[in-house]
Amino acid sequence: MTRTLRAAAAALAILAIAPPAAAHFQLVYTPEANVDRPGHLPLRLVFAHPASNGHVMDMAVPLAFYSLFRGVKTDLAPQLSPIAWTGGVNAGAGFAGVLPVRRSGDYIMVLEPVPYLETAEDVYIQQITKSFVNKGGLPTDWHEPVGLKAEIVPLAKPYALYAGGSFSGIVLSDGAPVPGAEIEVEYLNHAPDLATNAFEAEAAVTPPSDAFVTQTIFADQSGTFTYGLPRAGVWGFCALGVGPDTSYAGKELSQDAVIWVQAYDMK
């Protein structure tokens, strides 16, 4: 049974007293995915519910956090600072840091978090996450696999997408495609305020119903998926339980692959 089905089954017991929960998403956030000048971009690591502005989960110190530029790895973990990130329900432990950007090209940020125990489902969740920044409009290695246990490799530039267009990717487990992978999709509906370390209370859009908060799609038999991006902004894709590791600390583990992309209005 997938994590989505387990969550749905658990929710039936409390449906009369609680609204459906949105999906968990590990966020690696920078305010802009395209820059023209060198500098140090602020970033935040937050484990939350980006579409509904629901519960913020406490993050432990990451197992690894680094950037890749033309195959060169830069460890970003030593400069992380713990923060309390505030959502619409609570505040949870996250991290603040910076991404050094110098030469033109693609900067791929990779986060390997400590598995999080979701007590409502009695399973651990580890969302191995990628996010991208490009300097100078020069594409380099955005389309290359990083070699993660669970990974979504973009088939379109993740930082150069038009609203109304589409994003495609391929889901990999230890480098091998995952046929029929289940993928949750959410829009970053509450803008992050880096000055206050909080999501803004006002939502950008109002879903027609709870069914629209988390979109669910499936990859084809080659592990490839495509999703139309109806609105400008930041979009997250999470392939559920595709990693090879299935247990942690004596409990079931959902080892997920997350990727963040940014769409822009055509002006």
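Quick rundown of the values:
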read-out	value
In region 118-135, residue nearest to the chain's Cα centre (by Cα) [restricted to those that are among the hydrophobic types (A, V, I, L, M, F, W, C) and either within 15 Å of THR74 (Cα to Cα) or surrounded by 17 or more Cβ atoms within 10 Å (Cβ to Cβ) (or both)]	ILE128
Members of region 3-60 that are within 25 Å of PRO158 (Cβ to Cβ) and modelled with pLDDT under 90	ARG3, THR4, ALA22, ALA23
Flag if ARG37 is basic (Lys, Arg), out of contact with any strand residue (DSSP E or B) (no Cβ under 7 Å at 6 or more places or on another chain) and surrounded by fewer than 20 Cβ atoms within 10 Å (Cβ to Cβ)	yes
Yes/no for ALA263 being of a type in the set (Gly, Ala, Ser), out of contact with any Asp or Glu (no Cβ under 7 Å at 6 or more places or on another chain), surrounded by 13 or more Cβ atoms within 10 Å (Cβ to Cβ) and in contact (Cβ under 8 Å) with a residue 40 or more places away in the chain	yes
Output for region 167-209, where each listed residue is closer than 21 Å to ASN134 by Cα and surrounded by fewer than 13 Cβ atoms within 10 Å (Cβ to Cβ)	SER168
Matching option when the condition is in contact with a Leu (Cβ under 6 Å, 6 or more places away or on another chain), in contact (Cβ under 8 Å) with a residue 60 or more places away in the chain and farther than 24 Å from ALA181 by Cα, among GLY136, GLY94, GLY71, GLY88	GLY94
Qualifying residues in region 219-228 (those that are assigned to a strand (DSSP E or B) and among the polar types (S, T, N, Q)) - the one nearest to PRO179 (Cα to Cα)	THR224
Qualifying positions in region 119-139 - at pLDDT below 95 and not in a loop (DSSP other than H, G, I, E, B)	none
Near pairs, Cβ below 6 angstrom, 6+ apart or cross-chain, from region 37-52 (in contact (Cβ under 8 Å) with a residue 60 or more places away in the chain) to any residue that is surrounded by fewer than 18 Cβ atoms within 10 Å (Cβ to Cβ) and among the charged types (D, E, K, R)	PRO38/ARG102
Meets criteria (surrounded by 21 or more Cβ atoms within 10 Å (Cβ to Cβ), modelled with pLDDT of 95 or more, among the β-branched types (Val, Ile, Thr) and in contact with a strand residue (DSSP E or B) (Cβ under 9 Å, 6 or more places away or on another chain)) for VAL234	yes
Count of residues meeting criterion [over 24 Å from ASP265 (Cβ atoms) and either in a strand (DSSP E or B) or among the small types (Gly, Ala, Ser) (or both)] in region 31-43	2
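Rundown of residues vs (1) in a loop (DSSP other than H, G, I, E, B); (2) in contact (Cβ under 8 Å) with a residue 60 or more places away in the chain, yes/no style:
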position: GLU202; (1), (2): yes, no
position: PRO208; (1), (2): yes, no
position: ALA211; (1), (2): no, no
position: ILE217; (1), (2): no, no
position: PRO230; (1), (2): yes, yes
position: PHE237; (1), (2): no, yes
position: GLY241; (1), (2): yes, yes
position: GLN255; (1), (2): no, yes
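The values are calculated or read from the model by the stated rules, or taken from the named source; none is laboratory data. In this text, all values refer to a predicted model and were calculated from it rather than measured experimentally. Counting neighbours? That spans all protein chains shown, and the Cβs are built from the backbone with ideal geometry, glycine included.
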